[in-house]
Each structure stands twice: as C-alpha cells, then as structure tokens.
Amino acid sequence: MSKLSYQIVANGDAAVSILLTAPVNEELSRQIQWLARFLSTELAEVITDIIPAYQSLTLCYVPTKGNHQQMLDVLATVFKNDIPQDEYESQLITIPVCYDKIYAPDMDALATAKGLSRQEVIELHSNTDYLLHMLGFSPGFLYLGGLNPLLVYPRKAIPSARVPAGSVGIGGDQTGIYPQETPGGWHIIGRTPISLFNPNLASPCIAQPLDKVRFKPINSSEFLALSEAYA
C-alpha cells in the first residue's frame, strides 16, 4: 500500500476528476479500481457514474444531491490514508486473432518501420499476457498494457475513417481491440472474429479491468469458422 500524489479538478458542472501522478502500472491500476469500488459505496446516494482510466478517476454526481466541495471533502479524507490495491483476482482471457494480410492492413508498414518480419511481429505480439488497464473509448474497447518495447510505434498522423469491429491495433506503447466499427488512429495488425461487447449480457464486456489478455494466432479458415459461430 502507498499514498498517491493527486490533484482534483472540476470536470463540467457535475463531475470531478482525480488526476494521479504515479506511473502507469498494475499497482496504480489496482489502486484506481479500489478507489472506484470504495467511492461507489461511500457516495452511493450522489454518484451517477464512476469512470476509471490509466491515471485518473472521474466521479459524476447529481447536482441536487452533491456538490464540488462535498466531493473535495470526501476525497481529502480518503487520501489521508494509504490507498490499498484492489484484490480482484485476475482472469486470463484468450482471444483468437488472425494476423493474415486481409485483416492486418498496417502490418507490413509497422514491421518495416521496426525492422522486423511479419512473423516476428506476430510472435512478439502474441507471446505476452497483457494487463487490461481500462475500458473505453467505445463500449468494450480494451486498453492493454505490456506491449513488447520492440513493437512500440506512434499512432497514425491521420486516423483511419473506418476500422472494422474486432481489429487489433498498436498505438504507442499500447495494444487494444476495437469492439465496434469506428474511426481509429492505431495501426491494425490483425482481427479477432469473436464478439467483445454484448449489451444484453449482465457482464457485457469480454474482460474487466485487471484481467489478463493473451492473443492466440489463428489462420483465415479458423477465423471464418469462428465468425460463423459468433454470427
């Protein structure tokens, strides 16, 4: 356990954001998740939503029931003490990914820029258990930490207008998966045929923050077979 250095700022007229200066790692993510769970109970009567991120936590509240000063007072009390790490037991989620060219439009450019072969990129990308730090920017988008340094690559200068659902990308030192078709600025190196987000389920996301994710390479035939199974 450790104390966190933080700053609290207004986020609109009915929310506050806790900005944390600690480096992004599993310990910080576990502390953020602990804060989210604790505050959801402590402020249950006034909070409408809690949004955890890499180095921040945003609290949205009902203006007629809470106010900015109340949030500051509660948080000041909480941060007087050490912040525990959430004891959530991580699950290992294996996600099949096809890295064939048809599903990996940016693979060749990324491999060339990094001085690697396609197969080396695939092996480096799939030979890691990634930590799910947070969900966003679209429902169920997985922000995964633990990318091999050899694969770190800046986001695109001009985002793609259309990134198909299931696309697996690299953006900076992160990898992630697009659950829905959206615009996006990450380099797409593969695609999964499975569904990552279903709003009709009690747990709509395939994984939760603090879970571990592993990618399993599959070929095009396996991709098509799994696509039919999930259709």
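A simple spin-label model places pseudo-atoms 7 Å from Cα toward Cβ; at residue 127 and residue 224 they are separated by 3.1 nm. Spin-label model, residue 41 to residue 92: label points 7 Å out along the Cα-to-beta-carbon direction sit 3.0 nm apart.
Tally Lys/Arg at +1 and Asp/Glu at -1 over every other residue whose Cβ is under 15 Å from the Cβ of residue 171; what's the total? Net charge around residue 171: +1. Taking amide H atoms as placed 1.01 Å from N in the peptide plane, the amide H of residue 180 lies under 5 Å from those of 166, each 5 or more residues away in sequence or on another chain. Rolling a 1.4 Å probe over the protein heavy atoms of the chain, with every protein chain left in place, gives an accessible area that is 52 percent carbon and sulfur. A straight Cα-to-Cα reach below 21 Å connects residue 216 with the lysines 101, residues fewer than 8 places away in its own chain not being considered. Per residue, the accessible area of the chain comes to 50 Å² when a 1.4 Å probe rolls over the protein heavy atoms.
Taking label positions 7 Å along the Cα-Cβ direction at both residue 9 and residue 62, the computed distance is 2.9 nm, reported to one decimal.
The GluC sites (Glu not before Pro) of region 1-92 that DSSP puts in a loop, and whose beta carbon has at most 14 other beta carbons within 10 Å, are 45, 87, 89. Measuring r between the beta carbons of residue 162 and residue 195 and using R0 = 22 Å, the FRET efficiency lands at 0.70.
The values are calculated or read from the model by the stated rules, or taken from the named source; none is laboratory data. Keep in mind that this is a model prediction, so the values were computed, not measured. Methodologically, a virtual Cβ is constructed for each residue, glycine included, from the backbone with ideal geometry; neighbour enumeration extends over all protein chains shown. The area values use the complete protein model at the heavy-atom level, side chains included, leaving out ligands, DNA and RNA. Shrake-Rupley method; radii C 1.70, N 1.55, O 1.52, S 1.80 Å.
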